[in-house]
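Below: the structure, in structure tokens.
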Amino acid sequence: MINIDSILEQQIIRHEHERIEPDTDLVVVEMPIALIYNGISHAVMMATPCDIKEYAIGFTLSEGIVEIASEIYDIDIISHESSIEVELTISQKSFFALKAKRRSMLGKSGCGVCGIESIELLNLSPIPITNSQKKLLLSTTVIEKASKELLQHQFLMAKTGGAHAAAWCNLNGEIFKVFEDVGRHNALDKLIGYLALHKIDVSCGFVFMSSRGSYELVRKIVQMNIPLLATISAPTSLAIETAKKAHVSLICFCRNNRFVEY
């Protein structure tokens, strides 16, 4: 199912060979989403306006604003014509910690750490995850199943060609839930929010992304104690380095019956 707020019909002029003709096309919606904690605006992220509750919870957890989902007491979503405000009430302990390290940032769809005030705020030496003792070793059969199933769940991508997907898979490669967004890290946050809402044991599965394996994805995986990240495209050097330090399994170029383990 596609949320109708996630796609927009656009008038276009199509050029093909020597033909020029008017037409319509469907494009993925991107708009600012403001995240407000206990009345204080913390971040404005550019994202696709669907699954906002899951996104807000996932962002709040993956950014370390709260340690557990139960520290989020209330979520109020306010939709405007061209933007969304999400007002979250979090525990006083979490709010005091947030104010102590408060930063102002404008997140772009391709960047999960834009606008931080100093390099020191980057978590380049993560604490190893506690699930690392259960190292996941996936077969090419598992990856082939997941990659084939993912295409069947990418409804927004099929309509617009402009969305990333984050999927939760079991150890057999079966996909249980997929979230899409114009930004890959937003799609992952939506998935993380879903996993938290439904209290899913993250040690019994892995995340499969329709994107490259970037640093901000690995950082969020580490924050949520997820033992393995699989991506369709290439990893970056910092993603590999961060995954190694955190004892997270990172596999990329996951296409059909092949993948590369880093």
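One residue is enough: does the range 47-67 have a residue meeting the conditions in contact with a helix residue (DSSP H, G or I) (Cβ under 9 Å, 6 or more places away or on another chain), surrounded by fewer than 15 Cβ atoms within 10 Å (Cβ to Cβ) and either outside the structural domain of S91 (by TED's automatic domain parsing) or among the acidic types (D, E) (or both)? Yes, the conditions are met somewhere in the range 47-67.
Candidates are the residues of the range 97-128 that are in a helix (DSSP H, G or I) and of a type in the set (D, E, K, R); the one that is modelled with the highest pLDDT is K99.
Which one is nearest to the chain's Cα centre (by Cα), of the residues in the range 41-55 that are farther than 19 Å from T160 by Cα and free of Cβ contacts under 8 Å to residues at least 60 places away in the same chain? Outline the logic, then answer.
Restricting attention to the range 41-55, the residues satisfying the condition of being farther than 19 Å from T160 by Cα are 41-45, 52-55.
Then keep just the ones that are free of Cβ contacts under 8 Å to residues at least 60 places away in the same chain; that gives 41, 52.
Working: S41: 21, I52: 12 Å.
Checking each candidate, the answer is I52.
When the range 129-163 is filtered for residues that are at pLDDT below 85 and either at positive phi or surrounded by fewer than 17 Cβ atoms within 10 Å (Cβ to Cβ) (or both), the ones remaining, listed by number, are T130, S132, Q133, K134, K135, L137. Summed over the range 198-236, residues that are in contact with a Gly (Cβ under 9 Å, 6 or more places away or on another chain), among the polar types (S, T, N, Q) and within 15 Å of H247 (Cα to Cα) total 1.
Being surrounded by fewer than 22 Cβ atoms within 10 Å (Cβ to Cβ), in the same structural domain as K177 (by TED's automatic domain parsing) and touching a helix residue (DSSP H, G or I) at 6+ places or on another chain (Cβ under 6 Å) is a description that does not apply to S203. Checking F208, F176 one by one, the residue that is modelled with pLDDT of 95 or more, among the aromatic types (F, W, Y) and more than 12 Å from the chain's Cα centre (by Cα) is F176 and no other.
The values are calculated or read from the model by the stated rules, or taken from the named source; none is laboratory data. Model, not experiment: these values are computed from the prediction. FYI the Cβ positions are ideal-geometry reconstructions off the backbone, even for glycines, and counts take in every protein chain you see.
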